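Below is one structure, written out as structure tokens, with a few remarks after it.
The values are calculated or read from the model by the stated rules, or taken from the named source; none is laboratory data. All of these numbers come straight from a predicted model, not from anything done at the bench. Every residue, glycine as well, gets a Cβ built from its backbone with ideal geometry; the counts of neighbours run over all protein chains shown.
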Amino acid sequence: MNNKIQKSWLAIVLITAFGLCTAFASNAENMKKFGDLDVHYMALGATFLTPEVAKAYGIQRSRYNGLVNISVLDNSKKNSPAKTVLISGKAKNLAGQNKSIYFDEVKEGDAIYYLAQVKYRNNETIKFDITITDNGKEHLLTFSQKFYTD
């Protein structure tokens, strides 16, 4: 499978996974507005990815590895195009143990994703504190995700 097809599969998998995540969260939309920014986010187990897609993006596909996906859209412009921002984050479990996360920027045509991996144990809730910097202004996105091994 060539690299372009693999990247297209990632987009399809992430959109599908996002749909599944929101379908199970009643009245919950994984989006937060920060002025002109619409920040869409999700976290899921890396086993949702096919082995080919995981390999193409350097994502460890493991039942103990999660994937965090952030995308930022500029809602002040027509059709809310994707926006390049600086992004960093911290994660910790409910016991207060810190977990390192580092984001990689992925550009897919007009789409921009920020992907990070996080280790977890079965039935573990992880709290994410994500700092999004746009034109020198910082925005803090916080959310929690419960992970399960399959």
All conditions in (1) surrounded by 15 or more Cβ atoms within 10 Å (Cβ to Cβ); (2) more than 24 Å from Tyr148 (Cβ to Cβ); (3) within 14 Å of the chain's Cα centre (by Cα) are true of Asp74 except (3)
Test: residue in the stretch 85-102 that is closer than 20 Å to Ala54 by Cβ and surrounded by fewer than 13 Cβ atoms within 10 Å (Cβ to Cβ): yes
Apart from one, (1) within 20 Å of Asp36 (Cβ to Cβ); (2) over 13 Å from the mean Cα position of the chain (by Cα); (3) surrounded by 15 or more Cβ atoms within 10 Å (Cβ to Cβ); (4) modelled with pLDDT under 95 all hold for Tyr113; the odd one out is (2)
With the first residue restricted to the stretch 139-150 and required to be under 12 Å from Ile126 (Cβ atoms), and the second required to be of a type in the set (Phe, Trp, Tyr) and not in a strand (DSSP E or B), Cβ contacts under 6 Å at 6 or more apart or on different chains are Phe147/Tyr120
All-but-one check, Gly58 against (1) modelled with pLDDT of 95 or more; (2) assigned to a loop (DSSP other than H, G, I, E, B), failing number (1)
Only one of Val68, Val53 is among the β-branched types (Val, Ile, Thr) and assigned to a strand (DSSP E or B), namely Val68
Subset of the stretch 71-105, residues in contact (Cβ under 8 Å) with a residue 40 or more places away in the chain and in a loop (DSSP other than H, G, I, E, B), comes to Asn75, Ser76, Ser80, Lys83, Val85
- Query: Would it be correct to say that Lys146 is in contact with a Leu (Cβ under 8 Å, 6 or more places away or on another chain) and among the basic types (Lys, Arg)?
  - Reply: no
